[in-house]
1. Among the residues of region B:39-89, what is the count of those that are facing chain A (nearest Cβ under 10 Å), charged (D, E, K, R) and free of Cβ contacts under 8 Å to residues at least 60 places away in the same chain?
2. Where the second residue is surrounded by fewer than 20 Cβ atoms within 10 Å (Cβ to Cβ) and at pLDDT below 95 and the first is outside the structural domain of A:Thr281 (by TED's automatic domain parsing) and at positive phi and lies in region A:142-160, which pairs have Cβ atoms under 6 Å and are six or more apart or on separate chains?
3. Identify, please: which residue in region B:155-171 is in a loop (DSSP other than H, G, I, E, B) and more than 10 Å from chain A (Cβ to nearest Cβ) and is, among those, farthest from the chain's Cα centre (by Cα)?
4. So in region A:217-254, with the set limited to residues that are in contact with a Ser or Thr (Cβ under 7 Å, 6 or more places away or on another chain) and hydroxyl-bearing (Ser, Thr, Tyr), which one is surrounded by the fewest Cβ atoms within 10 Å (Cβ to Cβ)?
5. Give, as residue ranges, the strands (runs of 3 or more DSSP E) completely inside region A:214-326 that count at least 3 residues that are in contact with a strand residue (DSSP E or B) (Cβ under 7 Å, 6 or more places away or on another chain) and under 21 Å from A:Thr393 (Cβ atoms).
6. Search region A:113-146 for residues being among the β-branched types (Val, Ile, Thr) and outside any helix (DSSP H, G or I), and hand back the single one that is surrounded by the most Cβ atoms within 10 Å (Cβ to Cβ).
7. Restricted to region B:172-200, and to residues that are under 22 Å from A:Ala221 (Cβ atoms) and at pLDDT below 75, which residue is surrounded by the fewest Cβ atoms within 10 Å (Cβ to Cβ)?
8. Filter region A:476-491 for residues that are of a type in the set (Lys, Arg) and at pLDDT 65 or above; which is surrounded by the most Cβ atoms within 10 Å (Cβ to Cβ)?
Amino acid sequence: MKKNDLIENQEFEKMLKEKMNGLSANVDCFDKIAARAFPDKSEDFSDSELTVNELENITGKHRRLPVLKWVSVAAALVLVAGVLPKTIMMSNLKQRLMHKQDKTTYRELLSEIKSETENGSYTILDLPLDEYIANDVLITPFYSCPFGSSSKNNMNVRLYIRTVGDVWTNQIYAVEYSGEYSESSIVATASSKADFSDKEIEKLTNEQIKNVSSTAGMAAASELFSADGNNLIDENGDAVTAADFSGTVIYKSGDDICTVYFDTLYYHNGAMENGSYYYDTHTDCYVDGVLDASYIIPENDWKCSVNLNNNDAFPGSSGSAFERAELFSDANPFMISDNIFRIEPFAKSYAEQMLTDDKKLDLFLTRQTVSSIPFEPTAEISVPEYEAFQKTTSVFFPTTIQKHEYLDDIIIMAGTQHKGYTLFYANQDFKTSDDVYSEMGFDDLRYQAQILEAMINIHGSQFTDDQLIDMKKQLSRINSLIIKYSDYERTSAENQAEMQAEEIQRQAESDEQQRIKAEKTTNHKSDQTVTR
Amino acid sequence: MTADTNFSAGGDGIIFATLSQNSRTAGPIGEVNQLIIECSTSKESLCRLYEMFKDNVFAVAFSITADYHLSEDCVTETFVRLSQVKKFSHTKGDGKGFILTIARNVALELRRRYKREITDDVILNYGETEQTVEDSIYINQLLRYLNDKQRQIVVLKCCAELTFKEIAKIMRAPETTIKSRYKRAITILQEKAGVTSEKE
């Protein structure tokens, strides 16, 4: 920063401070604070003949005159008895209350879950209750566990998540059960607020929404962490293990439906078994195919959680091991520095599964002798439960990393608590920021291009000229890759859409024929009855 | 009753009697931390903290809510919550950062609660006096060029006089990110303030 800039900055800071101080100079609320912080005890009213009603004036409440009080009571009675019951608002409210009462009973909710999940398309996840509570972010990224922890052993949760293809919606049902799953072992049920109609699902199915991966997590990680030998280090110089996963969720809030492309970055800086994680989620929300920056995702949008006795089953406090931190900055989500690279252990082209359970490598010294060598994996990390999200999980490493003592590979221990952790080895032939794009599929590239275009055209003023030039370069690189992909991918996507349209048409024709046939049969039977 | 008279009316405030009533800067960290520990039982300590940090808390709140009365409510709520703090380590903690973290959380909470109203410019509350309205409008007009995070950083730096390290801690972001955002924000503000004054 130049000297002149510094002086200008200081003057500007001073001016802003003066204005703000001028604004707050009129604020005088200590009386209110004292009245709330020290109610009764610190005040001695024995000499002042103050009554309880008069005390309320301290908190700013006005005393009403007795006459006004009676008039308002009478008016309220007239309103309640005569006017309100006839209004549409009241009938709606009554309906809603009755509906709510229905839904919050355990039996009703259970039967709703049963009928819903039998007819619709749902992903089912079974996992231990404690794992869901602790690793909520990795299981349902926008919802935490709706049940509190239990002192009983072997408590589990079954999640039903409504899907469109392999893309999740936010219509979720959860049941808590003991031991093996059966209707009799269920002890609590929960339901999210979102409720998609069949028509909405059909429309979304035709839109062919897919899970796509994103580079935002890697960009944020490359800004947050730096390389130090074999370690990624945070701003305090502590070694961290960082990963991200991304995907798509179709979100319904009220009547609004939004396609949310998300990227969750998370890291820990202690031993994985004991350490908690910091995380943050970056989202791009599309309403009717248009990026809507103002859309706010209502997180943890559960409607109800009830146990067998119809009591509220929501936990008193969160037991999550994930603490939200601000990891995605305003910086360009496409600026990936060359200090880190990523490995996607669950995408098989990048890493190969090797061993499970213990931290030992079986080295085949000769054909007959095998030596198990204990070692520490380069990274240990918990990963999402859902396969589509798991596949996108990237673990980040510093480009300064040295080769392993015995192997030329990086070894990652990744998995989930109840399914166990797996060791993966990945060749150190790591990818640069440019390679990240070249590894992406057609849909991912198209999504990245869409986002970049929106950033340049709509939010371009937020970036410096240099950043804009870089972004345009990235866009041109992505577009050149899209062109390479497009011939094959576009043809296959179009063919698929055509096939689906034909299938829908065939189904509709067959339904119509069946209906006509059924009608004819009914008419024929009734004719016979009349003849007889 | 004003805060000042409340303060001087305190019976056991000997150690505070020599402090300047108009002081707007925080004292040594140890003193602030001690006051935080005492403020759940001592009105004088709470009053002293209020005197020291009222402006800072208001600034943080205004940067988030952009609304005069909501910011005032935020000041009230922040100090009430401060008086209810059960555990605070005076050896580890940075009292000022602690208070401003509470303020930020309260302001975010209030903004979330009244979000629909705030986004409607018509309902924005700029206070009662002419000067307050003028200042509110000026600051809001200036800060509207910044995004949410940039606005908070500028206010925490300029008005609350926090270091980048302290801001990074409150906003849970790396110090380098805070610095770059601040630099970008100030550039935007100077540009816009220049344009505004030229027009005038």
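The values are calculated or read from the model by the stated rules, or taken from the named source; none is laboratory data. These numbers come from a predicted model, not from an experiment. Glycine gets a Cβ as well: all are built from the backbone with ideal geometry, and neighbour counts include every protein chain shown.
1. Of the residues in that region, 7 qualify.
2. Matching pairs, first to second residue: A:Asn154/A:Gly179.
3. Just the residues of region B:155-171 that are in a loop (DSSP other than H, G, I, E, B), to begin with: B:159-163.
With the extra rule that they be more than 10 Å from chain A (Cβ to nearest Cβ), the set shrinks to B:162-163.
Working: B:Leu162: 11, B:Thr163: 14 Å.
Applying the filter and picking the extreme gives B:Thr163.
4. A:Ser222
5. Working: elements: A:226-228, A:231-233, A:239-253, A:256-268, A:277-287, A:302-307, A:322-324.
So the answer is A:239-253, A:256-268, A:277-287, A:322-324.
6. Keep residues of region A:113-146 that are among the β-branched types (Val, Ile, Thr), which gives A:113, A:117, A:123-124, A:133, A:137, A:139-140.
Applying the additional criterion that residues be outside any helix (DSSP H, G or I) yields A:123-124, A:140.
Details: A:Thr123: 17, A:Ile124: 11, A:Thr140: 25.
The extreme case among them is A:Thr140.
7. The residue in question is B:Arg172.
8. Start the filter on region A:476-491 by keeping residues that are of a type in the set (Lys, Arg), which leaves A:477, A:484, A:490.
This time we only want the ones that are at pLDDT 65 or above, so: A:477, A:484.
Values: A:Arg477: 16, A:Lys484: 13.
Of everything passing the filter in region A:476-491, A:Arg477 is surrounded by the most Cβ atoms within 10 Å (Cβ to Cβ).
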